[in-house]
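Peer 1: Starting off with a structure, shown below.
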Amino acid sequence: MKDLVRMRTSLKEEIEIALNAQVKMESEASQKYLAMASWLDQNGFEHTAACMYKQSDEEREHGLKIFKYINEVGGAAITPTVGEVQQEFGSMREVFEAALQSEIAVTNAINKIVTKCRQAEDYATEDFMMWYVTEQREEEQLCRRILELFELIGEEGQGLWLIDQELAKLKAAEAAGGAEAEAEGEG
Ligand SMILES: [Fe+2]
Ligand SMILES: [Fe+2]
């Protein structure tokens with residue numbers, strides 16, 4: 001009976017490997033954002049640090065969701081080990097350049113999983129991964145928007161302080177948008 005319960009009906013080994021790699025990548029993203037939050041905190045960018053702490057939590061959730069999915073569909077989720085992450089940054093702008101670079105790498109990895117799912121005719125996992133496709137579009141967009149602020153406001157004088165204030169507004173708007181979307185989903 002146990003064999004029947006654990007029998008792979010949908011999760012092929014190559015998909016399971018790719019999903020476990022994604023769990024690791026999300027976990028790495030979580031640690032990267034935590035290090036960014038710490039640097040921002042130490043350098044007086046209170047609001048931006050708060051955003052990054054929250055982002056770090058969100059990345060952990062992203063990883064955990066895939067982790068649970070792997071087990072749910074009969075695979076074996078592997079607890080990821082994460083290596084060293086960047087702790088020092090030259091500027092606040094550099095933090096967001098690193099964040100965007102990291103998000104682009106995650107987007108590419110997710111797209112590759114979707115391609116693999118199609119090739120393997122694993123439509124359940126493809127459907128599951130579409131949430132991540134949307135999420136990546138939003139996260140990249142937010143990083144780009146913030147990098148634009150450095151161009152628009154500039155980094156001289158009170159520029160960085162202003163950007164920190166703007167970050168609080170952007171994150172609040174994002175949270176409100178998320179709440180609205182959830183309410184719509186319920187209705
Ligand atoms: Fe993520
Ligand atoms: Fe992300």
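Peer 1: Please order Leu11, Leu162, Leu152 by the number of other Cβ within 10 Å, starting at the fewest.
Peer 2: In increasing order of surrounding Cβ atoms, one gets Leu152, Leu162, Leu11.
Peer 1: Filter the DSSP H helices in the chain by two things, a Kyte-Doolittle mean of at least -1.0 and an axial alpha-carbon span of 27 angstrom or more, and list the hits by number.
Peer 2: Membrane-span-like by this criterion, though nothing is claimed about a membrane: 13-42, 92-119, 123-153, 159-186.
Peer 1: What number, rounded to the nearest 500 deg cm²/dmol, is the helix-based mean residue ellipticity at 222 nm of the chain, given -39500 (n - 2.57) per DSSP H run of at least four residues and division by all its residues?
Peer 2: Taking each H run of at least 4 residues, the total per residue is -28000 deg cm²/dmol.
Peer 1: Ok, one more. What order do you get for 54-64, 80-90 when each peptide is scored by the mean count of other beta carbon atoms within 10 Å, highest first?
Peer 2: 54-64, 80-90
Peer 1: Taking the dipole about the Cα centre of the range 1-100, with the C-beta of Lys and Arg at +1 and of Asp and Glu at -1, give me whichever of Thr79, Leu34, Leu100 is farthest to the positive side.
Peer 2: Most positive-ward Cα: Thr79.
Peer 1: So what is the relative contact order for the range 84-147, in percent, with contacts set as C-alpha pairs under 8 Å and at least six apart?
Peer 2: 45
Peer 1: Can you check what the net charge comes to around Arg118, using other residues whose Cβ is under 12 Å from the Cβ of Arg118 (Lys, Arg +1; Asp, Glu -1)?
Peer 2: Residues near Arg118 contribute -2 overall.
Peer 1: Where nothing but the Cβ of Lys and Arg (+1) and of Asp and Glu (-1) is charged, how large is the charge dipole of the range 52-187 around its Cα centre, in debye to the nearest 20?
Peer 2: For this selection, approximately 340 debye.
Peer 1: Summing +1 for each Lys or Arg and -1 for each Asp or Glu, what net charge is found among the other residues whose Cβ lies under 12 Å from the Cβ of Ala98?
Peer 2: -2
Peer 1: Using the Kirkwood radius over Cα pairs, work out the Stokes-Einstein diffusion coefficient for the range 83-187 at 20 °C and 1.002 mPa s, in µm²/s as a whole number.
Peer 2: After rounding, the answer is 133 µm²/s.
Peer 1: Also, I was wondering about something else. Per the Kirkwood treatment, what hydrodynamic radius in Å, one decimal, follows for the chain from the mean inverse distance over all distinct Cα pairs?
Peer 2: 18.0
Peer 1: Ok, one more. Would you mind ranking Trp39, Trp161 so that the residue whose beta carbon has the fewest other beta carbons within 10 Å leads the list?
Peer 2: Trp161, Trp39
Peer 1: Give me the distance in nm between label points sitting 7 Å out from Cα along the Cα-to-Cβ direction at Tyr123 and Lys68, one decimal.
Peer 2: 2.5
Any read-out appearing in this document is the output of simple, stated calculations on the displayed coordinates, not a laboratory observation. Remember, it's a predicted structure, so these values are computed and weren't measured experimentally. All Cβ positions, glycine included, derive from the backbone under ideal geometry; neighbour counts span all protein chains shown.
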